[in-house]
Amino acid sequence: MSNYKLIFTGPTGAGKSTAIAALSEIPVVTTEAKSTLRNPHQEFKTTVTVGLDYGLLKLKNNDKIHLYGTPGQERFDFMWDILTEGGLGLILLIDNARIAPLEDLRFFLKAFEDFIKQTQVAVGITRMDLSSKPKLSEYHKELRKLGLNPPVFDVDARNKKDVSLLLQALLYSLDPNLKAER
Amino acid sequence: MTQSTTKSALRIVAVGMDKPTQRLLEMVFNGPGRGEYFLIEQLEVAQACIFDLDGIEAAKLWANYRQQYPSLPTIVLSLNHHDVAGTVFVKKPIEIEKFLKALAKIKQMKEEEAATGDLPQISVKGQPAHLAPTQTTREAKLATEITVEQEEEALHQYCGYHSDINPQRSEEVEKIYYDPNNYLQGFFEKAFAFSQQLETGGILIEGLYTPMILLSEKNQLLCGCEAAENQLRTMTLLPLSKSSHLRMITLAETEIQQRLATEKLMAQSLDNFLWKMALWTARGKIPKGTDLSKDVVLVNWPNFTRLVLTPHALEISALWIANPYSLIDTAKMLNIPQRYVFAFFSAACAIKLAFIDRRTDTRSPASSLAGSRSEHPKRNLFKRLLARLRGGE
Ligand SMILES: Nc1nc2c(ncn2[C@@H]2O[C@H](COP(=O)(O)OP(=O)(O)O)[C@@H](O)[C@H]2O)c(=O)[nH]1
Ligand SMILES: [Mg+2]
C-alpha cells in the first residue's frame, strides 16, 4: 500500500472544497495546520492556524490518493512548498466571477512554478455560469505567453463529471501513453 | 421541384409530426429523394403516409388512423422499435439511407398494388397487428435497455464503423475522405467564419427546418425549437445540392434583441454544435486533402467538459499537445482504431483547433515512433486511478 497526493489550489471561493468533496470517498475535512509565521515586520514569530481541505480516494490495491486543497488566502503561500512536496500534479481552479481572474491565474502559476515544472497542471475555470468572461481562449492566450499549454476546462466544481474529467486530463498530460485498466 | 417530377411523384401525408420534422421530410424528398415524393396536407388524397409514433396522443391517433385508412401504405417513425404489421418501420434519428429505402419500399407497394389491384402484405410475422404501446410502457423501455443501445448507436454515429486502413494502399486511403463542403457542415463552417468577423450582431441562417442564429462572440447558437438534435443529425447527412435554398443573412444587434423578445429561441453552445455536426458528418472520416503522413497541430486542449467526448479523445489530445504526430502514427502510438483519431481530428478541425502542419517533412513512421516518450514511472498508479475515476462516474 502506498500513499500519494494531489494538490488543489486557487483563490478562495473557486470551488476547491467542493471539487475535493466531489471526488473524495470520505466527507471532506478541514485539517488544522499550525505553522510558524515569520513576520518580516516583527521580531517575533507568530503561530497561525490555517484550514487545509482534505479528501481521500482509495484504489483497488489499497493505494491511497490524498487530496489536499490549499488555503486560499495568499498570505499562507509559505505552506505551499511543503504541501506540494512529492505531489503527483496540480489542479488549479480559477473563479471566473472574481474581479481579475487572469491575474489570479498568473499569481497561482507563479506561486506553483517549480511544482508545475516537475509535474503538470490542469486548469478548471469555475463559475462560468455566472460570468462568461474572460473566455477560455483568453486563458489559453495568457498561458501560451508563459510557455504553457495545459488542459483548460469549463468546470462546475459541483459537477463530479467535470472535476473527474479535469483530473483525467491531468493524468494524460503526465503520461499521454496511458490506458485505463479494465 | 419541377412540374414533370410532381406528376409522377408519390403523394405522402405526414401524421402526428411537428412542423420542423415535416420541413425536414420535404428537404429529403427534394434532395436525395429527387422529387419522387411529395408532401401533402390532406389524408384523403394521400397515396402513402408517414406516421410519427412519438407524438403526445400518438396511440389514439394511430387507432383512428388505422380504422379510417386500413390499407394506406405507411412508414412508422419512432425512437423505439415498433413492429406494426403491414407498415415499414424507420427508427429515429432518421438515417437518410434507411429512410430512402423505406420510401422505395412504399413506392414499390404502390406499384404492385396498381398492377394487381391487390394490397401486398409485408413483413407480417405471424402475429396480429398491434397498436402502439401506451406512453408509459415506452418510457419504461427508454429508461433501461434503450439507453445502452443508444449510447452504442451514438458512438457509431460519431465515429463510424470503418476498420483501419493501410496508408500505402491508395484504394483504401480514398475511402477515409469526405468533403465537408458537400454537406451542411461546410455551409456552417463558412457561416461561423463569417460571424467571427462581425463586431456585433450575428448571422441568420434561413432555409433549414428552423431558423438558426450564430453568435460567435457569445459562443451561442439560437434555434427555434427544443428537440433539434434528431432533425439536425438527419440534416447533416443530407448532401447539399443546389436545390437546398440556404441563405446567410447578417443581423444587427437590435434585430437579434427583437427576435429574442418575440420568438421562442433556445440557446446552445455554438462550439459544441459545430463539433457535433462535424462528428456526425465525418463519421470517422477526415476532410478531403488531409495529409496522412504529416503532423497534426492541436492548438490547445478542447473544452472537453462541454463537448461530446469521443473514445480516446483525452489521450489523443495529451499526445498532440506534448508532441505532434501524424494521424496514422497517432493510432499506432496509442494502439487505438484509426477511426477514433480521425473522428476527433475532424471535429477539432471544424472548430479550428486542429490542422495539419504542412511544413513538416514526411517522416518515415519508424523514425517518428522512435521519438516516443518513455514510460512514466507512475504509469501503473495512473492507470488504476483512471480506472477508478471512470468507474465512479
Ligand atoms: N454557480 C457556481 N457555483 C459554484 C461553481 N463551482 C463551485 N461553486 C460554489 O462556489 C462556492 C465556493 O466553493 P468552495 O468549494 O467553498 O470554494 P473554495 O474556497 O475554493 O474551497 C460553493 O458554494 C460552491 O457550491 C460553479 O461553477 N458555478
Ligand atoms: Mg474551501
Here are the criteria: (1) touching a residue at least 40 places away in the same chain (Cβ under 8 Å); (2) over 24 Å from B:Glu315 (Cα atoms). Tell me which single one A:Leu105 does not satisfy.
(1)
Just to be sure I understand, how many residues within segment A:1-17 are at positive phi and within 9 Å of ligand 2 (Cβ to nearest atom)?
2
Selection from segment B:154-178 of residues that are open to solvent by 30 Å² or more (accessible area, probe 1.4 Å) and not in a helix (DSSP H, G or I):
B:Tyr161, B:His162, B:Ser163, B:Asp164, B:Asn166, B:Pro167, B:Gln168, B:Arg169, B:Lys175, B:Tyr177
Is it true that some residue in segment A:161-178 is assigned to a loop (DSSP other than H, G, I, E, B), within 22 Å of A:Thr18 (Cβ to Cβ) and among the small types (Gly, Ala, Ser)?
no
Of all residues being at the interface with chain B (Cβ under 7 Å from one of its Cβ atoms) and either open to solvent by 10 Å² or more (accessible area, probe 1.4 Å) or touching a residue at least 60 places away in the same chain (Cβ under 8 Å) (or both) in segment A:166-176, which is nearest to A:Gln118 (Cα to Cα)? Just the residue, please.
A:Leu174
Would you list the helices (runs of 4 or more DSSP H) that sit entirely within segment B:330-393 and hold 2 or more residues that are closer than 29 Å to A:Val163 by Cβ and either at pLDDT below 90 or within 14 Å of chain A (Cβ to nearest Cβ) (or both)?
B:338-350, B:379-391
Which condition breaks for A:Gly89 when tested against (1) at pLDDT below 95; (2) of a type outside the set (A, V, I, L, M); (3) more than 16 Å from ligand 1 (Cβ to nearest atom)?
(1)
Restricting attention to segment B:302-316, and to residues there that are in a helix (DSSP H, G or I) and more than 7 Å from every other protein chain (Cβ to nearest Cβ), which single residue is surrounded by the fewest Cβ atoms within 10 Å (Cβ to Cβ)?
B:Ala313
Inside segment A:82-106, the number of residues satisfying the requirement of being open to solvent by 70 Å² or more (accessible area, probe 1.4 Å) and under 23 Å from A:Ser131 (Cβ atoms) is 4
In this structure, is A:Ala111 in contact with a Gly (Cβ under 7 Å, 6 or more places away or on another chain) and among the hydrophobic types (A, V, I, L, M, F, W, C)?
no
Quick one: count up the residues across segment A:97-123 that are in a loop (DSSP other than H, G, I, E, B) and within 15 Å of the chain's Cα centre (by Cα).
3
Is one or more of the residues making up segment A:98-117 within 14 Å of chain B (Cβ to nearest Cβ) and at negative phi?
no
With the structure loaded, tell me whether B:Thr210 is of a type outside the set (Lys, Arg) and within 20 Å of the chain's Cα centre (by Cα) or whether it fails that test.
yes
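So that you can scan it fast, the table gives a plain yes or no per residue for (1) within 16 Å of ligand 1 (Cβ to nearest atom); (2) more than 27 Å from A:Glu103 (Cα to Cα); (3) modelled with pLDDT under 90:
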{"position": "A:Thr9", "(1), (2), (3)": "yes, no, no"}
{"position": "A:Thr12", "(1), (2), (3)": "yes, no, yes"}
{"position": "A:Thr18", "(1), (2), (3)": "yes, no, no"}
{"position": "A:Ser24", "(1), (2), (3)": "yes, yes, no"}
{"position": "A:Lys34", "(1), (2), (3)": "no, yes, yes"}
Could you tell me whether segment B:286-297 includes any residue that is within 14 Å of chain A (Cβ to nearest Cβ) and either in contact with an Asp or Glu (Cβ under 6 Å, 6 or more places away or on another chain) or among the polar types (S, T, N, Q) (or both)?
yes
Just the residues that are assigned to a helix (DSSP H, G or I) and either of a type in the set (Asp, Glu) or facing another protein chain (nearest Cβ under 8 Å) (or both), please, taken from segment A:126-142.
A:Leu136, A:Glu138, A:His140, A:Glu142
Those residues of segment A:69-85 which are within 15 Å of A:Lys117 (Cβ to Cβ) and modelled with pLDDT of 85 or more, in sequence order:
A:Thr84, A:Glu85
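The values are calculated or read from the model by the stated rules, or taken from the named source; none is laboratory data. Quick caveat: nothing in here was measured; it's all calculated off a predicted structure. In this analysis, Cβ positions are derived from the backbone assuming ideal geometry, glycine residues included, and neighbour counts consider all displayed protein chains. These accessible areas exclude ligands, DNA and RNA; they are computed on the full protein's heavy atoms, side chains included. Shrake-Rupley method; radii C 1.70, N 1.55, O 1.52, S 1.80 Å.
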